[in-house]
């Protein structure tokens with residue numbers, strides 16, 4: 001009897017120890033939020049909601065507003081999504097429905113490697129390869145002929161909202177591709193065969209199966225990609241131009257929330273530091289909500305697919 | 001009838017080529033980046049790059065040895081406390097984790113995975129740099145911890161869940177205590193997967209730059225003291241790249257080539273490990 005209680009208590013101790021570490025992780029997450037909130041309080045007290053609406057970012061006058069960074073973050077991420085979603089979903093369809101068996105693994109492995117490249121290397125490549133190429137072969141000719149459209153107005157320097165969007169698109173495509181692949185894989189094979197046996201073409205089969213099954217999942221993949229794009233720091237900092245103003249033209253410079261933190265944090269103090277941390281807190285909350293939404297959508301998708309299996 | 005058939009066929013062929021093109025465009029940047037890294041980085045790639053300290057602008061030669069050492073130290077330091085914490089947390093979630101507390105932990109872990117890494121830099125700054133009043137390797141490691149832990153918790157939990165019930169039941173039936181079963185049998189069965197997860201997370205933090213910008217800050221010299229600013233490879237790539245000097249740009253490419261080689265070796269090695277097992 002005594003031995004048995006001893007054994008039980010040892011198990012209990014082990015469980016307690018592991019629970020303690022789980023608690024530590026939970027505490028770290030809470031601590032992160034509280035630390036950000038606490039350190040940004042001075043800026044919140046000073047500026048309140050006007051922080052979100054003001055365009056001034058003036059460390060000398062101690063006037064801080066985050067609108068240019070919010071704008072830059074949203075526009076560059078939106079551009080990235082615009083390019084990355086069709087490519088990522090298209091690539092996923094290729095791997096799922098067109099690629100010969102021997103090509104599937106290599107293609108998805110290469111996409112995974114793309115996700116493993118450190119973002120500072122994307123930035124380096126962005127500065128020295130992507131930006132000059134975009135500037136000379138795309139932005140200059142386009143602004144020359146279509147410069148009357150506000151979105152394509154010059155002057156063209158190179159570092160720009162567009163460059164940030166393209167680079168971000170390259171960086172988030174692997175995530176969108178791999179999530180889309182998982183989503184596409186939930187389409188029942190029977191349904192695909194049914195479309196083909198009715199005389200549908202392969203494209204019709206894909207269109208119908210995506211339309212019926214995958215829209216919420218692909219939307220989830222998109223939102224997940226958006227979450228990554230919003231917080232990406234190094235690559236954006238290196239190519240966006242870092243100018244705290246709002247230009248409608250995609251060919252002109254911009255700034256992003258993550259980039260302003262990266263550039264100014266080490267030398268900031270007092271109210272500027274607090275304002276930068278408030279920018280960080282906003283970024284934290286936005287990415288948190290975006291990821292939550294993506295997770296919710298993808299989970300619903302998986303559950304939906306599960307119900308479909310039950311029907312078999 | 002015939003025209004409709006032709007149209008459908010044309011659309012089908014057109015879409016086929018569009019999908020081929022998408023896959024090509026997704027992969028293309030990988031080759032472009034590698035091509036440029038090798039083309040521009042290889043000429044600066046000599047032994048002295050790996051063994052020398054950085055030199056001032058205009059002086060030939062010089063290397064990134066202190067950055068390699070710094071990256072090594074700060075990664076090791078991070079893993080020293082993160083690995084036990086993350087693996088134990090993963091064990092808790094997989095073996096005991098039911099109820100509200102466990103779902104709160106899971107939710108935290110999921111949320112932390114999506115937090116931009118620069119925010120972890122702010123975290124390290126406020127918690128370590130401000131009280132210590134200086135940038136340090138400790139601060140860098142505390143920021144990297146926040147990136148490392150959620151990834152490893154998740155993979156540990158997932159891997160432990162793939163261990164069949166029968167393994168646990170067999171061990172318990174032999175009269176082995178439950179905690180020993182978990183620690184010495186279940187964890188061991190899943191160990192290849194857990195180690196893979198740890199290596200993948202390690203490959204990630206080796207390349208992280210943003211959280212290090214204002215935690216370990218960077219250093220031009222050797223530094224072994226953990227309470228002082230320290231160099232790191234990704235920081236060197238960054239500061240060389242944004243400098244206005246052409247010969248520093250060359251060094252940025254060379255350092256990037258070294259960095260990516262390291263990251264990919266760890267990454268591919270880790271994947272290879274689990275593939276072997278299957």
task: Might you check whether a residue that is closer than 30 Å to residue A:242 by Cα, in a helix (DSSP H, G or I) and more than 13 Å from chain B (Cβ to nearest Cβ) occurs anywhere in the stretch A:208-217?
output: no
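Suppose the filter is over 16 Å from the mean Cα position of the chain (by Cα) and within 14 Å of chain B (Cβ to nearest Cβ); does residue A:275 pass it? Walk me through how you get there before you give the answer.
Values: over 16 Å from the mean Cα position of the chain (by Cα): yes; within 14 Å of chain B (Cβ to nearest Cβ): yes.
Considered against the rule, which asks whether it is over 16 Å from the mean Cα position of the chain (by Cα) and within 14 Å of chain B (Cβ to nearest Cβ), residue A:275 comes out as yes.
Of all residues being assigned to a helix (DSSP H, G or I), more than 15 Å from the chain's Cα centre (by Cα) and over 21 Å from residue B:43 (Cβ atoms) in the stretch B:257-278, which is modelled with the lowest pLDDT? Just the residue, please. Write out each step before concluding.
Start the filter on the stretch B:257-278 by keeping residues that are assigned to a helix (DSSP H, G or I), which leaves B:257-277.
So of that shortlist, the ones also more than 15 Å from the chain's Cα centre (by Cα) come out as B:257-258, B:272-277.
Now restrict to residues that are over 21 Å from residue B:43 (Cβ atoms): B:272-277.
Working: B:272: 86, B:273: 83, B:274: 77, B:275: 70, B:276: 57, B:277: 50.
For the stretch B:257-278, the residue satisfying everything is B:277.
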statement: Of A:195, A:187, A:183, the only residue that is farther than 19 Å from residue B:5 by Cβ, assigned to a helix (DSSP H, G or I) and in contact with a helix residue (DSSP H, G or I) (Cβ under 6 Å, 6 or more places away or on another chain) is A:183
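I'd like the full set of residues that are touching a helix residue (DSSP H, G or I) at 6+ places or on another chain (Cβ under 6 Å) and buried (at least 18 other Cβ atoms within 10 Å of the Cβ), limited to the stretch A:131-153. Give the steps one after another, and end with the answer.
Pass one, the stretch A:131-153, residues touching a helix residue (DSSP H, G or I) at 6+ places or on another chain (Cβ under 6 Å): A:131, A:134, A:142-143, A:146, A:152.
The answer is A:131, A:134, A:142, A:143, A:152.
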field: Positions within the stretch A:60-99 being more than 13 Å from residue A:169 (Cα to Cα), away from chain B (no Cβ under 14 Å) and in a helix (DSSP H, G or I), in sequence order
entry: A:67, A:68, A:70, A:71, A:72, A:74
Residue match in the stretch A:40-59 (condition: within 11 Å of another protein chain (Cβ to nearest Cβ) and surrounded by 15 or more Cβ atoms within 10 Å (Cβ to Cβ)): yes
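Among the candidates A:231, A:227, A:220, A:165, which residue alone is within 30 Å of residue A:122 (Cβ to Cβ), surrounded by 18 or more Cβ atoms within 10 Å (Cβ to Cβ) and without any contact (Cβ under 8 Å) to a residue 60 or more places away in the chain?
Details: A:227 fails: without any contact (Cβ under 8 Å) to a residue 60 or more places away in the chain; A:220 fails: without any contact (Cβ under 8 Å) to a residue 60 or more places away in the chain; A:165 fails: without any contact (Cβ under 8 Å) to a residue 60 or more places away in the chain.
After ruling out the rest, the residue left standing is A:231.
Just the residues that are in a helix (DSSP H, G or I) and more than 10 Å from chain A (Cβ to nearest Cβ), please, taken from the stretch B:125-141. Explain how you work it out, then say what you get.
As a first pass, look at the stretch B:125-141 and keep what is in a helix (DSSP H, G or I): B:125-132, B:137-141.
Once the filter is applied, which keeps residues that are in a helix (DSSP H, G or I) and more than 10 Å from chain A (Cβ to nearest Cβ), the stretch B:125-141 yields B:128, B:131, B:132, B:137, B:138, B:139, B:140, B:141.
When the residues of the stretch B:188-211 are narrowed to those that are within 11 Å of another protein chain (Cβ to nearest Cβ), part of a helix (DSSP H, G or I) and touching a residue at least 60 places away in the same chain (Cβ under 8 Å), which ends up surrounded by the fewest Cβ atoms within 10 Å (Cβ to Cβ)? Break it down into steps so the answer makes sense when it comes.
Applying the first criterion (within 11 Å of another protein chain (Cβ to nearest Cβ)) to the stretch B:188-211 yields B:200, B:203-211.
Still in the list and also part of a helix (DSSP H, G or I): B:200, B:203-207, B:210-211.
Still in the list and also touching a residue at least 60 places away in the same chain (Cβ under 8 Å): B:200, B:203, B:205-206, B:210-211.
Numbers: B:200: 18, B:203: 21, B:205: 26, B:206: 22, B:210: 29, B:211: 30.
Within the stretch B:188-211, the match that is surrounded by the fewest Cβ atoms within 10 Å (Cβ to Cβ) is B:200.
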message: Please go through the stretch B:74-91 and give me each residue that is in contact (Cβ under 8 Å) with a residue 60 or more places away in the chain and either in contact with a helix residue (DSSP H, G or I) (Cβ under 6 Å, 6 or more places away or on another chain) or closer than 18 Å to residue B:159 by Cα (or both), ordered by number.
response: B:74, B:75, B:77, B:78, B:82, B:83, B:85, B:86, B:87, B:89, B:90, B:91
message: Considering only the stretch A:40-59, I want to know if a residue exists there that is farther than 23 Å from residue A:163 by Cα, in a helix (DSSP H, G or I) and without any contact (Cβ under 8 Å) to a residue 12 or more places away in the chain.
response: yes
- prompt: From the list A:233, A:222, A:237, which one is within 17 Å of the chain's Cα centre (by Cα), modelled with pLDDT of 95 or more and closer than 30 Å to residue A:98 by Cα?
  reply: A:222
query: Residue check, residue B:175 against (1) out of contact with any helix residue (DSSP H, G or I) (no Cβ under 9 Å at 6 or more places or on another chain); (2) within 11 Å of chain A (Cβ to nearest Cβ); (3) not in a loop (DSSP other than H, G, I, E, B), all met but one. Which one?
result: (3)
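Any residue in the stretch B:41-58 that is within 13 Å of chain A (Cβ to nearest Cβ) and crowded, with 18+ Cβ neighbours inside 10 Å? Talk me through it step by step, then tell me what you get.
First pass over the stretch B:41-58, keeping only residues within 13 Å of chain A (Cβ to nearest Cβ): B:41.
Adding the requirement that they be crowded, with 18+ Cβ neighbours inside 10 Å leaves B:41.
Taking every residue of the stretch B:41-58 in turn, at least one turns out to be within 13 Å of chain A (Cβ to nearest Cβ) and crowded, with 18+ Cβ neighbours inside 10 Å.
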message: Please return the ranges of helices (runs of 4 or more DSSP H) entirely within the stretch B:1-106 where 2 or more residues are in contact with a strand residue (DSSP E or B) (Cβ under 7 Å, 6 or more places away or on another chain) and under 30 Å from residue B:197 (Cβ atoms).
response: B:65-91
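The values are calculated or read from the model by the stated rules, or taken from the named source; none is laboratory data. Computed from a prediction, not measured in an experiment: that's the story for all the values here. When we count neighbours, we look across all protein chains shown, and the Cβ atoms used for this are built from the backbone with ideal geometry, even at glycine.
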